Structure formats: C-alpha cells, structure tokens
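The values are calculated or read from the model by the stated rules, or taken from the named source; none is laboratory data. Every value quoted in this text rests on a predicted model; they were computed, and no experiment measured them. Every residue, glycine as well, gets a Cβ built from its backbone with ideal geometry; the counts of neighbours run over all protein chains shown. We work out accessible area using only protein heavy atoms, side chains counted, and drop any ligands, DNA or RNA first. Shrake-Rupley method; radii C 1.70, N 1.55, O 1.52, S 1.80 Å.
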Amino acid sequence: MKAAERRASILAVAKILFADCGYHGVSVDEIAKRLGVSPAVLYQHFTSKEALYEAVLNEIACHRESYVEAALTGPDDFSSVLTRMTRVYVDSVVNDPDYLKMEMQALLEDARLARQFFDSRWKSFTDFIEVNMQELTASGKFSQVNPRIASLMFQGMVREALYAKCIYDAERYQDYSPQELAEQLIELFLHAIGYRP
C-alpha cells in the first residue's frame with residue numbers, strides 16, 4: 001500500500017473507533033489491530049495518538065459543510081435560508097454520522113480541543129440565526145425573543161433529532177427521514193418565535 005493510501009486507511013479506521021469509543025476509549029494498539037498492522041506502522045505516519053486524533057479532526061474539517069451556497073441560492077428571506085442551511089447540515093450528518101458520534105464522545109470526555117472544533121462547526125449556523133433574528137426583531141417581523149437563546153435552542157433541537165435518528169436509531173423515529181424531522185423542526189421553530197414573512 002502506498003503511503004498516502006495507508007494514511008487514509010488509518011484515518012478512516014481511527015475515525016470509526018474514536019466515534020465509537022472516544023479518544024480515551026481506544027488505544028493505538030487497538031487501531032493497529034483493526035488495520036492488521038503493527039503499532040509501529042501507525043507511528044510512521046503519526047507521532048502520537050493525539051496527533052492521529054488531530055489528523056482525524058482535520059480530515060473532518062476538510063469535508064465540512066459550507067453554508068455559503070445555501071445562503072446565496074434561492075429566496076433570501078429568513079425561513080428559506082434557514083431551511084436550506086438546515087438541509088445542508090442534516091445531509092452532512094446523514095452522509096457521515098461518525099462525526100456526530102465523535103462530537104458526542106468529545107463532550108462526554110470533556111476533550112477541549114475537539115469540543116472547540118465541533119463548537120466552531122455549529123457557529124456559522126447559529127450566528128446566522130442570531131444575527132437575522134436581531135434584525136427581524138428590530139423591524140417587527142416577530143415577537144420579542146432572545147436571539148442568542150433561540151439560535152442555540154434551534155441548534156439543540158436539530159442535534160437531538162439527528163442523535164435520535166442517525167445514532168440511536170430510536171424506534172419512534174423510524175417512520176421519518178432526517179429531512180422530514182428537520183422540516184418539522186423548522187416549522188415549529190418559526191411558529192414558536194412568531195416569525196411572520
């Protein structure tokens with residue numbers, strides 16, 4: 001196997017194990033065993049488990065969703081842009097639920113570096129909601145609601161629905177696609193904040 005291919009396979013396996021067990025729950029030996037190589041092979045590519053974990057986070061960052069196109073394509077009213085941005089996020093989780101599992105593990109382990117990484121992943125999404133709500137509240141488009149709290153609550157609802165659907169595979173969610181759940185959350189959220197187009 002070429003060096004680039006070996007590195008890619010190490011990252012893929014490490015991501016799965018970190019998602020399933022967390023940073024502290026998996027050893028370099030376990031990753032090597034899953035790959036069918038010696039730990040020395042891993043150390044040829046990564047100087048430590050921490051370096052491997054950071055490389056996995058960097059790999060995720062390379063495939064991070066972009067909300068720019070969602071924000072600029074189509075109608076520019078708040079509900080339309082929120083819907084498109086939410087779809088982008090939901091689709092990214094559906095395509096790669098391991099990153100959401102890594103986020104959950106990082107929160108459980110209180111892994112500062114990973115937590116900062118995952119918090120930044122949500123930041124542009126929640127910032128869009130907060131800033132737009134401030135502007136819309138000032139123009140009387142909806143009732144007085146704390147924009148920061150509302151943006152965090154929306155993000156929390158989406159995250160919880162995705163955990164239940166994509167990670168826990170909860171029975172009560174089986175009849176609904178992640179996209180259907182997101183559409184309902186958007187509708188409930190807009191109604192709750194009193195949004196009037």
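Inter-label distance, Asn58 to Arg159: 2.6 nm, where each label sits 7 Å from its Cα along the C-beta direction. Excluding ligands, DNA and RNA, the accessible surface per residue across segment 19-174 is 53 Å² with a 1.4 Å probe. Helical content of the chain, expressed as a calculated mean residue ellipticity at 222 nm, amounts to -23500 deg cm²/dmol (DSSP H runs of 4 or more residues, -39,500 (n - 2.57) each, divided by residue number, nearest 500). Out of all Cα-Cα pairs in segment 62-192, roughly what percent, to the nearest whole number, are more than 26 Å apart? The answer is 23 percent, as a whole percent.
The GNM of the chain, with springs linking C-alpha atoms under 10 angstrom apart, assigns the highest mean-square fluctuation among Lys101, Lys165, Lys15 to Lys165.
Computed on the chain, with alpha-carbon pairs under 8 angstrom and 6+ residues apart, the relative contact order is 21 percent.
Roughly speaking, to the nearest percent, how much of segment 62-192's 1.4 Å accessible area is carbon and sulfur?
On the way: 3810 of 7160 Å².
Carbon and sulfur: 53 percent of the exposed surface of segment 62-192.
Between Asp20 and Ser48, the simple spin-label model (points 7 angstrom out along Cα→Cβ) gives 2.6 nm.
Given +1 at the Cβ of Lys and Arg, -1 at the Cβ of Asp and Glu and no other charges, the dipole of the chain around its Cα centre is 380 debye to the nearest 20. Full extension of the chain between Arg172 and Ser139 gives 7.9 nm of extra length, using 0.36 nm per residue less the Cα-Cα distance. Quick one, what does Rg over Rh come out to for segment 3-59 if you take C-alpha atoms and the Kirkwood Rh? A ratio of 0.90.
Take the Cα of Glu187, step 7 Å toward its Cβ, do the same at Arg115, and the gap between the two points is 3.7 nm.
Taking a ≥ b ≥ c as the square roots of the eigenvalues of the Cα gyration tensor of segment 125-197, is the shape rounded (a/c under 1.5), prolate (a/b larger than b/c) or oblate? It is prolate, given that a/c is not under 1.5 and a/b is the larger ratio.
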